[in-house]
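So the structure is just underneath, and the comments pick up after that.
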Amino acid sequence: MCGIVGILAERPVAGLLVDGLQRLEYRGYDSAGLATLVGDGIERRRAEGKLANLVERLVKEPLSGTVGIGHTRWATHGRPSEDNAHPHATELVAVVHNGIIENYRVLRMELEAKQYRFASETDTETIAQLLTDFLKQGMTPQQATAATLARLEGAFALGILFKGHNKLLIGARRGSPLAIGYGDGEMYLGSDALALAPLTNRITYLEEGDWAELHPGKAI
């Protein structure tokens, strides 16, 4: 089962994200990765295999940013590889996902017909590309999220970053648990409370079918 960690803070989050993923290693995984907002863009570091491989890459290629998402993946769609590792991203969004999108093939065909090009074999990349399509139609991140969730069939817990929105982190769940943690001006997402334990003892779980906007110190 995959693991999710998300952090919205005023301090660099890459090390904190890795710490959270390490607490989820018991779930089993075959690749791992992080994405953060850096300047006006999204940066990622991903690696096949154990978290140690991701940590080694981060030593060589440090990742800054005060808002980010991390993931440990257990392959369901597509072989274990860096290309298939989460987070999946476009120039506008980055997404981590637990669960299975049952209608991803139909969605992918629709997006490919619009000239969207995919870099992985995963169902998750379809979510990132669908969000991007709605954003390019002029929707806000919140509107694009609502429109995307309405198109998805299956189970998911999601953590989503949006380019240019350094004070926003969105989480959503349907069929897979997702916890929200509250800190001192910071907010957290985790696939279970264990991932967030050292960061906060104020944790709630999203209700089935809910999604939430995380802003500094609050969730909407």
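The values are calculated or read from the model by the stated rules, or taken from the named source; none is laboratory data. Keep in mind that this is a model prediction, so the values were computed, not measured. Quick reminder, even Gly has a Cβ in these numbers, built from the backbone with ideal geometry, and neighbours come from all protein chains shown. The accessibility values were calculated without ligands, DNA or RNA, using every heavy atom of the protein model including side chains. Shrake-Rupley method; radii C 1.70, N 1.55, O 1.52, S 1.80 Å.
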Study note, to complete from the structure: Selection over region 197-215 where residues are of a type in the set (Gly, Ala, Ser) and open to solvent by 40 Å² or more (accessible area, probe 1.4 Å) yields a count of 2
Review point. Could you give every pair whose Cβ atoms fall below 7 Å, whose first residue belongs to region 88-103 and is over 13 Å from residue 120 (Cβ atoms), and whose second residue is in a loop (DSSP other than H, G, I, E, B) and among the polar types (S, T, N, Q), counting only separations of at least 6 or pairs across chains?
Key: 98/176; 98/191; 99/176; 100/76
Check your understanding: Can you tell which of 10, 91 is assigned to a loop (DSSP other than H, G, I, E, B), out of contact with any strand residue (DSSP E or B) (no Cβ under 7 Å at 6 or more places or on another chain) and closer than 22 Å to residue 145 by Cα?
Key -> 91
Review point. Which ranges mark the strands (runs of 3 or more DSSP E) fully within region 150-220 that have 3 or more residues being aliphatic (A, V, I, L, M)?
Key: 154-162, 169-174
**Study point:** Checklist (1) open to solvent by 30 Å² or more (accessible area, probe 1.4 Å); (2) modelled with pLDDT of 95 or more; (3) in contact with a Phe, Trp or Tyr (Cβ under 8 Å, 6 or more places away or on another chain) applied to residue 93, failing item
**Key:** (1)
Point to revise | Filtered residues of region 48-66 (kept if open to solvent by less than 10 Å² (accessible area, probe 1.4 Å) and either touching a Pro at 6+ places or on another chain (Cβ under 6 Å) or more than 25 Å from residue 166 (Cβ to Cβ) (or both)) | key: 51
